[in-house]
Amino acid sequence: MGEKQDLRYLADLLNCVANDVKTIHLNSYGERFDDIHEISGNLHWRLAEDYDRVGEKCLELGLAVNNPNTAAQNIGYAAIPAQLYSYKDGLQIIKKLLDMLIQYLYVFCEAYKADLGLANFLQERIEYYQNESKFKDYARLVLEAI
Ligand SMILES: [Fe+2]
């Protein structure tokens, strides 16, 4: 994965996923507005915190952190459309985004396993997002389907 093991890639990815989740937060609508607005709001906050943490780690490694405005362009990230998101649509996208993010977190966790502090942090984030996606979002979507 060469270039993708550059930690700036992960920082940019976290920023892009955070911005997509923020897009859902700001464009929530419908019967369950409060639920999707709150779920996406909380998740955005976590993603933004993780972006900050990984960005600071880049600096620690001597890598100049990219301007957040160039994140999507840097990594060829296709942002979700700016449109209204219902509870179900929003959750389905969030689940997809988190599952994709988890795959990258695994790659970086492996690539930086010699850096125990970073590897432990990434492992903890994998568990957190897995819990959000595989358990919580799954349960929410299954309940929605009943
Ligand atoms: Fe808000």
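Using only Cα atoms and rounding to the nearest 10 degrees, what angle (0 to 90) does helix 7-26 make with the longest principal axis of the chain? Relative to the chain, helix 7-26 is tipped by roughly 20 degrees.
Which of 111, 93, 59 sits farthest toward the positive end of the charge dipole of the chain, with +1 on the Cβ of Lys and Arg and -1 on the Cβ of Asp and Glu? The Cα lying farthest towards the positive end belongs to 93. In this Cβ point-charge picture (+1 for Lys and Arg, -1 for Asp and Glu), segment 1-52 has a dipole of about 100 debye about its Cα centre.
Normalised by the number of residues in segment 3-145, the mean separation of alpha-carbon contacts (under 8 Å, six or more apart) gives a relative contact order of 29 percent. Enter the angle in degrees (range 0 to 90, nearest 10) between the Cα long axis of helix 87-111 and the first principal axis of the Cα atoms of the chain, meaning the one along which they spread out most. Orientation of helix 87-111: about 20 degrees from the principal axis.
With axes computed from alpha carbons, what is the tilt in degrees of helix 33-60 against the longest principal axis of the chain, rounded to the nearest 10 within 0 to 90? Helix 33-60 sits at roughly 0 degrees to that axis. Between segment 91-146 and segment 1-68, what is the separation of their alpha carbon centroids in Å? Distance between centres, Cα-based: 13 Å.
Values quoted throughout were computed directly from the atomic coordinates according to the rules given, and no laboratory measurement underlies them. Predicted model, so just to flag it, every value in this text is computed and none were measured. Cβ sites come from the backbone with ideal geometry, for glycine too, and all protein chains shown count toward neighbours.
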